[in-house]
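The values are calculated or read from the model by the stated rules, or taken from the named source; none is laboratory data. As the structure is a prediction and not an experimental result, all values here were calculated from the model. Cβ placement follows ideal geometry from the backbone for every residue including glycine, while neighbour counts extend to all protein chains displayed. The area values use the complete protein model at the heavy-atom level, side chains included, leaving out ligands, DNA and RNA. Shrake-Rupley method; radii C 1.70, N 1.55, O 1.52, S 1.80 Å.
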Amino acid sequence: MEEIDISRAIVEDFTRNFLESLELDIAIVGAGPSGLMCGYKLAQAGYKVAVFERHLRAGGGMPGGGMMFNSIVIQKQVIRIMEELGISTRKYNDELFVASSIETISALCYKAMKKGVKIFNLTSVEDVVVREERICGIVINWSSVVWSKLHVDPLSVKARFVVDATGHDAEICRIVERKTGKNLNTPQGIVCGEKSMWADKAEAEILDNTKEIYPGLFVCGMAANAVFGSPRMGAIFGGMFLSGEKAAQLIDEKLKGVKK
Ligand code: 48H
């Protein structure tokens, strides 16, 4: 065994994956629970999907559970999803169940990748590609470049749809708001900003907030509540799963109506 073979294997494998992902059906920004669920469902439906994640690890806010107590809470109606992913749950009361945050995010990541989702970690999405008032791709750079403020130009990836699953900051929607002149599909055309904690209301509103927010751009997860001015919900994750699933369904419906 030669060390250079290890180097060659890694560089070749990454490059092959990256080249295969330059033209996607769906580019998802953010490997938190909503983005991974969206990717899992779209890959299950047969689409070519990649998730771009700024940090070293996938998972977003899920591994941290609630205030670093690494358990999460989910509602009874998402038990079907937990079972589909093979995640153990424990009944807490008639409405709520608990699960390990680590097991849950690991299972989601594993199942998504097994369905064909490619995950590019340490990759930040810093802009979008727009043609004729439609989002048709993302602009990416190494997170290390962004963090160290190096002046290195980015690369781009073409996608039929882009999903903003960036969590509280709704980063992609904010970029689109800034660069396209406040034309988001919200009453004021802007990112309204997330409201203070109110779990019931937040979980009730998240599905309505999950939609195409600008032609070619969907928003799901915590970003959807941030965009529409809904509250946060704390460490309950049913809404994240259902929102990722709904975004995937809406995109599937759109793509089924469009010729490749
Ligand atoms: C690449 C990016 C970029 C970028 C961000 O925060 P997340 O876990 O998001 P969701 O919506 O799937 O889940 C939200 C949940 O974790 C949560 O925070 C809850 C329920 N909070 C309730 C409360 O009251 O606090 O994941 C988003 C991911 C992160 O991993 C980011 O690093 C990543 O997106 N990301 N990746 N390019 N520009 N911006």
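Numbers for the structure displayed
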{"quantity": "Search result, residues across segment 103-138 that are over 16 Å from the mean Cα position of the chain (by Cα) and either of a type in the set (Val, Ile, Thr) or near the ligand (Cβ under 9 Å from one of its atoms) (or both)", "calculated": "Val129, Val130, Ile135"}
{"quantity": "Scan of segment 194-204 for residues that are more than 10 Å from the ligand (Cβ to nearest atom) and either modelled with pLDDT under 95 or under 18 Å from the mean Cα position of the chain (by Cα) (or both), ordered by number", "calculated": "none"}
{"quantity": "Test: Ala31 is within 15 Å of the ligand (Cβ to nearest atom), closer than 19 Å to Lys115 by Cβ and open to solvent by less than 80 Å² (accessible area, probe 1.4 Å)", "calculated": "yes"}
{"quantity": "Complete set of residues in segment 143-175 that are open to solvent by 60 Å² or more (accessible area, probe 1.4 Å) and in a strand (DSSP E or B)", "calculated": "Leu155, Ser156, Lys158"}
{"quantity": "Residues that are under 16 Å from Gly32 (Cβ atoms) and surrounded by fewer than 19 Cβ atoms within 10 Å (Cβ to Cβ), drawn from segment 104-118", "calculated": "Ser106, Tyr110, Met113"}
{"quantity": "Cβ pairs under 6 Å, 6+ apart, first in segment 225-248 and under 25 Å from Lys182 (Cα atoms) and open to solvent by less than 20 Å² (accessible area, probe 1.4 Å), second acidic (Asp, Glu) and within 11 Å of the ligand (Cβ to nearest atom)", "calculated": "Asn225/Glu194; Ala226/Glu194"}
{"quantity": "Residue match in segment 5-20 (condition: open to solvent by less than 10 Å² (accessible area, probe 1.4 Å) and within 16 Å of the ligand (Cβ to nearest atom))", "calculated": "no"}
{"quantity": "Residue list for segment 58-80, filter: farther than 20 Å from Ala199 by Cα and either of a type in the set (Val, Ile, Thr) or free of Cβ contacts under 8 Å to residues at least 12 places away in the same chain (or both)", "calculated": "Arg80"}
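The rows are residues; the columns are (1) within 16 Å of the ligand (Cβ to nearest atom); (2) touching a Lys or Arg at 6+ places or on another chain (Cβ under 6 Å); (3) over 14 Å from Gly32 (Cα atoms).
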| residue | (1), (2), (3) |
| --- | --- |
| Ile81 | yes, no, yes |
| Thr89 | no, no, yes |
| Asn93 | no, no, yes |
| Ser101 | yes, no, no |
